[in-house]
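Below is one structure, written out as structure tokens; comments come after it.
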Amino acid sequence: MVDAVILLIVVILLIFAAKGALKHFKGEGPCCGGGSGSGGSPVRKTLDGPVIGRRTLKISGMHCQNCADRVAAALNSLEGVSAEVSLKDGSAEVSYDRAVDEIDMRRAVKGAGYEVVSIT
């Protein structure tokens, strides 16, 4: 009887863990400080001048929408850069209105805790 109760408790705990992991990887859980209290999407940044170029950054390490928001905020903190980050694609579309060094973009993403895999 005791074994059945322990087994039932373990099964219930596994179900809750699986549900939490599924929410995490869908970007719906409280990963990285996000979740229901995260305040929504970041404000879209507009550039001062006309767009002179665009780059696509492939980024690894993002697990939830809060991760994507952190990357967007880090890139948008660069002067002359406006970024939109896609968690689904694991990428950031970066527009700029002045010359921006790729090293600065990589540094901003790294500072947010993620890695740039490639820039095209």
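Contact map, segment 45-72: first residue without any contact (Cβ under 8 Å) to a residue 40 or more places away in the chain, second residue part of a strand (DSSP E or B) and polar (S, T, N, Q), Cβ cut-off under 9 Å, separation 6 or more or different chains; pairs are Lys45/Ser82; Thr46/Ser82. The set of residues in segment 66-78 that are part of a helix (DSSP H, G or I) and not charged (D, E, K, R) comprises Asn66, Cys67, Ala68, Val71, Ala72, Ala73, Ala74, Leu75, Asn76. Is it true that some residue in segment 97-114 is surrounded by 18 or more Cβ atoms within 10 Å (Cβ to Cβ), of a type in the set (Ser, Thr, Tyr) and not assigned by TED's automatic domain parsing to the domain that holds Leu22? Yes, segment 97-114 contains at least one residue that is surrounded by 18 or more Cβ atoms within 10 Å (Cβ to Cβ), of a type in the set (Ser, Thr, Tyr) and not assigned by TED's automatic domain parsing to the domain that holds Leu22.
Of everything in segment 79-95 that is in a loop (DSSP other than H, G, I, E, B) and in contact (Cβ under 8 Å) with a residue 12 or more places away in the chain, the residue that is surrounded by the most Cβ atoms within 10 Å (Cβ to Cβ) is Leu87.
Rundown of residues vs (1) part of a loop (DSSP other than H, G, I, E, B); (2) at pLDDT below 85, yes/no style:
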| site | (1), (2) |
| --- | --- |
| Leu8 | no, no |
| Leu13 | no, no |
| Ala18 | no, no |
| His24 | no, yes |
| Glu28 | yes, yes |
| Gly37 | yes, yes |
| Pro42 | yes, yes |
| Leu47 | yes, no |
| Arg55 | no, no |
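The values are calculated or read from the model by the stated rules, or taken from the named source; none is laboratory data. The structure presented is a predicted model; accordingly, all values stated were derived computationally and were not measured. No Cβ is skipped: glycine too gets one built from the backbone with ideal geometry, and neighbour counts run over all protein chains shown.
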